[in-house]
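Data first, discussion second: the structure below is written as C-alpha cells.
The values are calculated or read from the model by the stated rules, or taken from the named source; none is laboratory data. Note that the structure is a prediction, hence the values are computed from the model and not measured. Quick note on the areas: whole protein, heavy atoms, side chains included, nothing else; ligands and nucleic acids left out. Shrake-Rupley method; radii C 1.70, N 1.55, O 1.52, S 1.80 Å.
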Amino acid sequence: FIGRATYAFNGKYLAEASMRYDGSSRFVEKSRWGLFPSFSLGWRIIEEDFLKNSSVLSDLKIRGSWGQVGNQNVGNYPFASTLGTSTYYFNGQAQRTVFYSGAPNPELTWETKTATNIGIDGSLFGRLLGFTIDVFKERTTDILLTVPLPTTYGLTAPVQNTGIVDNRGWELQLTHQNSIG
C-alpha cells in the first residue's frame, strides 16, 4: 500500500509526505509487514519579495528530506527449515539421503535504510550557471547477512538481522547552459 500527499503554497512553500506499507512472504507473519514513511520540505526563496527582482539570482530553493525504505532480499522462506537431498554410495549401491540443509531464523525482519538530506538548488544570470549542493546521511540497520559459523555447527548458517552501515557525505553539481549562434 502506498500513499502520498503533496502541498504547495504560493509556489514558495513545498511539502510532501508518503507512506509505504510493504508485505513480504519472506518473513514470518508477525514480521511480514513493514511501514516506511518519508517527508520533504522545500522553500523557493527566489519567490520572496526581497529576492524576486534579483539581477544575479534566477532561482534559489532550500530543501530537506527524511525517509525510510525496506529491503527483504533474503531468498525464499529463510524462516523455515528446509530439506536437501544427496546421494552416497554404500557397497556399490547409490543411497539417497534427506537432510536439513540450513538453519531457519524465524526472527528475521525488514532491513531498513533511513536517509536524511539537506540541499540547495540555484541558478545565476538567467539560468546560465546552475548549482546543487547536497549534504546527506544514510543509516542502514538490521542488515540481512549470513554470519559465518564454525563448520562444526553442521548446517548452513542462518540469515540474520545484524550490523549497521553509515554513509555520509556531500555532493556538489555545477552546470553551465549557454547557446552559441
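Numbers for the structure displayed
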quantity: Entry for semi-axes √(5λ) of the Cα gyration tensor in Å (calculated from the structure that is shown) out of [x] 54, 19, 13; [y] 34, 17, 14; [z] 26, 21, 15; calculated: [x]
quantity: J(HN,Hα) series, the stretch 120-137, from Karplus relation 6.51 cos²θ - 1.76 cosθ + 1.60, nearest Hz, glycine and proline x; calculated: 10, 10, x, 8, 10, 6, x, 6, 5, 10, x, 8, 9, 10, 10, 10, 9, 9
quantity: Fully extended contour minus Cα-Cα distance, from residue 172 to residue 151, at 0.36 nm per residue; calculated: 2.7 nm
quantity: Anisotropy class of the stretch 141-181 from Cα gyration tensor, a/c 1.5 cut; calculated: prolate
quantity: Table column - 3J(HN,Hα) (Hz), the stretch 14-29, Karplus curve with 6.51, -1.76, 1.60, x for Gly and Pro; calculated: 10, 8, 8, 9, 9, 9, 10, 10, 9, x, 9, 7, 7, 10, 5, 4
quantity: The chain, accessible surface, carbon-and-sulfur percent (1.4 angstrom probe); calculated: 56 percent
quantity: Exposure of residue 151 as accessible area (Å², to 10), given a probe of 1.4 Å and all protein chains; calculated: 130 Å²
quantity: Probe 1.4 Å - accessible area at residue 55, Å² to nearest ten; calculated: 110 Å²
quantity: The chain: Lys pairs at Cα distance under 24 angstrom, eight or more positions apart or on different chains; calculated: 6
quantity: Distant-in-sequence amide H partners of residue 101 (H built 1.01 Å from N, under 5 Å); calculated: 82, 83, 84
quantity: Projected-area mean, the stretch 20-73, by convex hull of Cα positions, square nanometres; calculated: 5.5 nm²
quantity: Solvent-accessible area per residue, Å², over the chain with all protein chains present [probe radius 1.4 Å]; calculated: 69 Å²
